[in-house]
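Colleague: Take this structure first; my questions come after.
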Amino acid sequence: MNQQIDTIIFDLGGVLIDWNPAYVFNKTISDEEERKYFFEQVCTHDWNEEQDAGKLLQIATEERVKLFPEWETHIRSFYGRWEEMLGDAIAGTVHVFNRLREMSDLKMYALTNWSHETFPVALERYEFLHRFDGILVSGEEKTRKPFPEIYQLLFTRFNINPERAVFIDDNLRNIKAGEVFGLKVVHFKSPEQLTDELIKLGILQKNQDR
C-alpha cells in the first residue's frame with residue numbers, strides 16, 4: 001500500500017454507474033439521423049450539465065420546449081423517463097471499490113455531476129453509494145466539474161489533502177481540472193484498466209484477487 005495516498009475520489013456516472021440516454025431514445029426515435037440531431041441540437045450534453053449545476057428540471061424542460069416545440073414529446077421524456085436511462089452498477093468497478101473500501105487506512109469519496117433532483121433515485125437504487133465517507137453532488141452545490149470551486153469545496157468539506165488523493169473520472173476534461181490541484185488522476189476507461197493503474201500507484205497489489 002502506498003503510504004502517501006490516504007484518499008480515493010470516484011466519479012459516479014460512467015465509472016460506477018451505467019447511465020445512458022440512448023436506453024430511452026434508441027426506442028423512441030428510430031431514425032438514427034433524427035436521434036443524432038436530438039442529442040446534438042435539442043437535449044444536448046451541455047444542456048444536461050446545466051441541470052447538473054443545479055438548474056431545476058421543470059424550468060429547463062419548459063425552456064427547451066419553447067425553443068423546439070416540434071420535439072416536445074421527446075424533450076419531456078428526457079427527465080420524465082430519466083430513471084429508464086439508469087443501467088446497472090458497473091460490476092467490475094464496484095468490485096474495485098469494495099477492495100479499496102476494505103482498506104481501513106483509505107477514505108473514500110465521490111465527486112459527481114448530477115442533478116440534486118434525480119440523485120435520490122440513485123441513492124435508493126445503488127447500495128454501495130451508502131458506503132462512501134462522503135459524496136459531493138454538483139446539483140446541491142450549484143456548480144460542477146470542471147470548475148475549480150467544486151474541487152476546492154470537496155477538499156475543504158472533507159478535509160482532503162489533494163496531494164495525498166487519487167481522483168478517478170471518465171471525462172478527460174474533469175481529470176485535467178483535478179490535476180491542477182495536485183491530485184493523482186486515473187482517466188477511467190474500464191475496471192481492468194483502473195485496477196492496473198491502481199497497482200502502478202501502489203494502492204492495490206498485483207497478486208490480489210481481481
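Quick note: the coordinates plus some simple rules give every number you see, no bench work behind them. Since the model is a prediction, treat every value here as computed from it, not as a measurement. Don't worry about glycine lacking a Cβ; one is built from the backbone with ideal geometry, like all the others, and counts go over all protein chains shown.
Colleague: Pop a pseudo-label 7 angstrom from the Cα along the beta-carbon direction at both Asn159 and Asp31 and give the gap in nm to one decimal.
Modeller: Between Asn159 and Asp31, the simple spin-label model gives 5.9 nm.
Colleague: Which cross-chain or sequence-distant (5 or more) residues have an amide H under 5 Å from the amide H of Ile90, H modelled 1.01 Å from N in plane?
Modeller: For Ile90, whose amide H was placed from the backbone, the distant partners under 5 Å are Ile17, Asp18.
Colleague: Using the 2.2 N^0.38 Å rule of thumb for compact globular proteins, work out how the chain stacks up: its C-alpha Rg over that value, please.
Modeller: 1.08
Colleague: Shifting gears a bit: Hey, can you grab everything whose amide H is under 5 Å from the amide H of Asp170? Only 5+ residues off in sequence or another chain; H modelled, so Pro and N-termini drop out.
Modeller: Under 5 Å from the amide H of Asp170 lie the amide H atoms of Phe188, each far enough along the sequence or on another chain.
Colleague: Cut-off is 10 Å between beta-carbons; in what order do Phe188, Phe155 appear when sorted fewest neighbours first?
Modeller: Arranged by neighbour count, lowest to highest, Phe188, Phe155 become Phe155, Phe188.
Colleague: Moving on to the next point. Using alpha-carbon pairs under 8 Å, 6+ residues apart, how would you state the relative contact order of the chain in percent?
Modeller: 30 percent.
Colleague: Where does the range 1-106 land on Rg(C-alpha)/(2.2 N^0.38 Å)?
Modeller: 1.41
Colleague: Assign unit charges at the C-beta atoms only (+1 for Lys and Arg, -1 for Asp and Glu), then state the dipole size of the chain relative to its Cα centre in Debye, rounded to the nearest 20.
Modeller: 580
Colleague: Given points 7 Å out from each Cα along the Cα-Cβ axis, report the Val121 to Glu84 separation in nanometres with one decimal.
Modeller: 1.1
Colleague: If you filter the range 1-40 for chymotrypsin sites (Phe, Trp or Tyr not before Pro), then keep DSSP loop positions with at most 12 other Cβ within 10 Å, what is left?
Modeller: When the chymotrypsin sites (Phe, Trp or Tyr not before Pro) of the range 1-40 are filtered for loop state and at most 12 Cβ neighbours within 10 Å, nothing remains.
Colleague: So the label point goes 7 Å from the Cα of Glu50 along Cα→C-beta, right? Which residues of the range 72-86 then have their backbone N under 19 Å from it?
Modeller: The answer is 72-82, whose backbone nitrogens lie closer than 19 Å to the label point.
Colleague: Would you list Arg144, Arg131, Arg99, Arg125 from fewest to most Cβ contacts within 10 Å?
Modeller: With the fewest neighbours first, Arg144, Arg131, Arg99, Arg125 line up as Arg131, Arg125, Arg99, Arg144.
Colleague: Can you work out the FRET efficiency for the pair Glu140 and Met103, with r the C-beta to C-beta distance and R0 = 25 Å, to the nearest 0.05?
Modeller: For Glu140 and Met103, the calculated efficiency is 0.35.
Colleague: Using Cβ contacts closer than 10 Å as the measure, can you line up His95, His130 from fewest to most?
Modeller: His130, His95
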